[in-house]
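Following: one structure in structure tokens, then a few remarks.
The values are calculated or read from the model by the stated rules, or taken from the named source; none is laboratory data. If you're wondering where the values come from, they're calculated on a predicted model, not measured in any experiment. For neighbour counting, all protein chains shown are included, and Cβ atoms are generated from backbone atoms with ideal geometry for every residue, glycine included. Remember, those area values only see protein heavy atoms, side chains included, never the ligands or the DNA or RNA. Shrake-Rupley method; radii C 1.70, N 1.55, O 1.52, S 1.80 Å.
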Amino acid sequence: MAMFYRNFIFFAVCLAIFAGCSEKDAKPEEIAPIDLRNVPAQQLNYRFETDIPAPDQKGGPSQSEERNEAVQADFDQNRPQESLDRTVTSPDKQRVLAVYRKANDSESEFRLDVYSPAGKIIKKVTHGEMAVHFPGTIVWSPDSNNVAFIAMVRDGQPSPPLNQDGNKTGQTGSEKPPEETKNEIDSNTSADSEASTSATPDSMEPPKDVLTFRTEQIYICDLNGEDVRPITQNEGLMYFYAVWAPDSSALVALAAPFTEWRIREFQVQKTGERFIPAGRPRLIEKNGRERLLDDYATPVHPVWSPDSAKVAVAFNKQVRIYDAIGENRTQAAIPLRNQLLLAAKAYEDKLRAEEEARAANGNTGNSDGAQDTGNSSANGISLANSNVDANAPTTTLPDANTLVSFNPIINLVWEQAGILYLETGYLKNYVGNEAENRSSYLRWHRLLLSPQSIALKPVQQP
């Protein structure tokens, strides 16, 4: 009988625990989040893995910079006084941006027109006083509805002020509003439509004047080249890089003060090295609202999380993650110096051991036919995954000055929600002396991100 009661009590306790769990399951606020989109940056856990194969960068539909032959043919036949520098095709392949210069334009200043894929001009985008800079940074939004580019006032041209109507001085309100003058071409219209085939560069309406600045700002327009407007208006700042969020809602950019840019450029020129600009990351919405993410400059291009909820930026040997959405936006710093230091020591110890083994066997190089695993050093020796536990505690750190593979972060890739890849390496490029360029000890690592454990609220029994 005593055994029966003990079994009964045990069964009752289990039933109560099960009922309590069911009640907790029914209350969403008591469940730790599993979707990183809803996890603040400050509440992320991470695990660091070193010396892994390079990520397979698939990505989604992306713009193409393969030259459009039809657009080139239009320039050859109808625009002989203008030089086509490149074409940038939208991700949906329905629009082509022509980047070109006129005969008297500076080599660093460009103009933009929108074409159909069949080589028919749709709209002139930039007016005569606007010069596009950094053409390599022109970027279509992933949904192909907008394009972002960097521009400023053309060299030798003053930047006219706006009047009370928001137009440039000299532009009257009697002109047709943009709704009446814009080229009515729907995004779903065939590239061979009548409106397209009848248009020629000379017959196109001149582009509308848009406010320009004395330093490089970010502009956007729609897929037909309409609604051109600056989304940054910070005179004195030079914006030199921008990338769209995967959902096309905003951009993250890098910008530097003009004076700081010129000083760094002068310092680098004295050494003969190629100038690599560094800027502070800024989050910019399409309506022009802007947020400075950090006050430290970096040459590494920031990246978006796949869900467009966060931005990652690298500063030397540290990664910082910022919330891009939500009311109370947070940020988190992930210092990786010690982990990278330990990983570099293990990496070089393994490299040295393999070299000694080959020397003992009378072999040099990769004569044994070993496959390259993507972790090659500067001398071409292939290394497998070192499987170093960079998270393990240690009481002694190696001397950084003795490790040639202990290098800063130079690249970020974030294509899976919980996996942020980072590349470290040594880069040195020279102007006019490419034979001296160096690119060595390029190694990939990754951060495995997960939500922190959140204590569940106690369930009050009735």
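Does any residue of the range 57-67 turn out to be open to solvent by 40 Å² or more (accessible area, probe 1.4 Å), in contact with a Gly (Cβ under 7 Å, 6 or more places away or on another chain) and closer than 23 Å to residue 310 by Cβ? Quick ask: steps written out before the conclusion?
Taking the range 57-67 and keeping what is open to solvent by 40 Å² or more (accessible area, probe 1.4 Å), we get 57-63, 65-67.
Now narrow it down to the ones that are in contact with a Gly (Cβ under 7 Å, 6 or more places away or on another chain): none.
No.
Please name all residue pairs, on different chains or six or more residues apart, with Cβ atoms under 9 Å, provided the first residue is in the range 401-421 and is under 17 Å from residue 300 (Cβ atoms) and the second residue is of a type in the set (Ser, Thr, Tyr) and part of a loop (DSSP other than H, G, I, E, B).
414/305; 420/305
Look through 390, 343 and report the one residue that is open to solvent by less than 30 Å² (accessible area, probe 1.4 Å), small (Gly, Ala, Ser), farther than 30 Å from residue 285 by Cα and at pLDDT 95 or above.
Numbers: 390 fails: at pLDDT 95 or above.
Unique residue meeting the criteria: 343.
Could you tell me which of the residues 281, 306, 277 is under 27 Å from residue 263 (Cβ atoms) and under 14 Å from the mean Cα position of the chain (by Cα)? Give the steps one after another, and end with the answer.
Values: 306 fails: under 27 Å from residue 263 (Cβ atoms); 277 fails: under 14 Å from the mean Cα position of the chain (by Cα).
Testing whether each residue is under 27 Å from residue 263 (Cβ atoms) and under 14 Å from the mean Cα position of the chain (by Cα) leaves just 281.
Mind checking whether some residue in the range 312-319 is in contact with a Gly (Cβ under 9 Å, 6 or more places away or on another chain), open to solvent by 60 Å² or more (accessible area, probe 1.4 Å) and either modelled with pLDDT of 95 or more or more than 17 Å from residue 147 (Cα to Cα) (or both)?
Restricting attention to the range 312-319, the residues satisfying the condition of being in contact with a Gly (Cβ under 9 Å, 6 or more places away or on another chain) are none.
Within the range 312-319 (the criterion being in contact with a Gly (Cβ under 9 Å, 6 or more places away or on another chain), open to solvent by 60 Å² or more (accessible area, probe 1.4 Å) and either modelled with pLDDT of 95 or more or more than 17 Å from residue 147 (Cα to Cα) (or both)), the answer is no, since none of the residues qualifies.
Looking at the range 98-140, which of the residues that are among the hydroxyl-bearing types (Ser, Thr, Tyr) and out of contact with any Leu (no Cβ under 9 Å at 6 or more places or on another chain) is surrounded by the most Cβ atoms within 10 Å (Cβ to Cβ)?
Taking the range 98-140 first, the residues among the hydroxyl-bearing types (Ser, Thr, Tyr) are 100, 106, 108, 115-116, 126, 137.
When the remaining residues are screened for being out of contact with any Leu (no Cβ under 9 Å at 6 or more places or on another chain), the result is 106, 108, 116, 137.
Working: 106: 12, 108: 12, 116: 24, 137: 20.
Only one residue tops the list, namely 116.
Of all residues in the range 301-335, which are farther than 23 Å from residue 137 by Cα, touching a strand residue (DSSP E or B) at 6+ places or on another chain (Cβ under 6 Å) and not in a strand (DSSP E or B)?
Across the range 301-335, the qualifying residues are 329, 330.
Just wondering, is there one or more residues in the range 239-261 that are more than 16 Å from the chain's Cα centre (by Cα) and among the polar types (S, T, N, Q)? Let's see the steps before the verdict.
Of the range 239-261, the ones more than 16 Å from the chain's Cα centre (by Cα) are 256-261.
In the following step, the residues that additionally are among the polar types (S, T, N, Q) were identified as 259.
Yes: one or more hits.
Let's see how each residue does on (1) β-branched (Val, Ile, Thr); (2) over 21 Å from the mean Cα position of the chain (by Cα); (3) not in a strand (DSSP E or B):
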{"site": "62", "(1), (2), (3)": "no, no, yes"}
{"site": "67", "(1), (2), (3)": "no, yes, yes"}
{"site": "71", "(1), (2), (3)": "yes, yes, yes"}
{"site": "76", "(1), (2), (3)": "no, yes, yes"}
{"site": "91", "(1), (2), (3)": "no, no, yes"}
{"site": "94", "(1), (2), (3)": "no, yes, yes"}
{"site": "104", "(1), (2), (3)": "no, yes, yes"}
{"site": "117", "(1), (2), (3)": "no, yes, yes"}
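Only one of (1) modelled with pLDDT of 95 or more; (2) out of contact with any Phe, Trp or Tyr (no Cβ under 7 Å at 6 or more places or on another chain) is not met by residue 112, so which one is it?
Evaluating residue 112 over (1) modelled with pLDDT of 95 or more; (2) out of contact with any Phe, Trp or Tyr (no Cβ under 7 Å at 6 or more places or on another chain) leaves (2) as the failure.
Is at least one residue of the range 359-375 assigned to a loop (DSSP other than H, G, I, E, B), open to solvent by 50 Å² or more (accessible area, probe 1.4 Å) and at pLDDT 90 or above?
Among the residues of the range 359-375, not one is assigned to a loop (DSSP other than H, G, I, E, B), open to solvent by 50 Å² or more (accessible area, probe 1.4 Å) and at pLDDT 90 or above, which makes the answer no.
How many of the residues making up the range 288-311 are open to solvent by less than 20 Å² (accessible area, probe 1.4 Å) and under 18 Å from residue 276 (Cα atoms)?
Within the range 288-311, residues that are open to solvent by less than 20 Å² (accessible area, probe 1.4 Å) and under 18 Å from residue 276 (Cα atoms) number 3.
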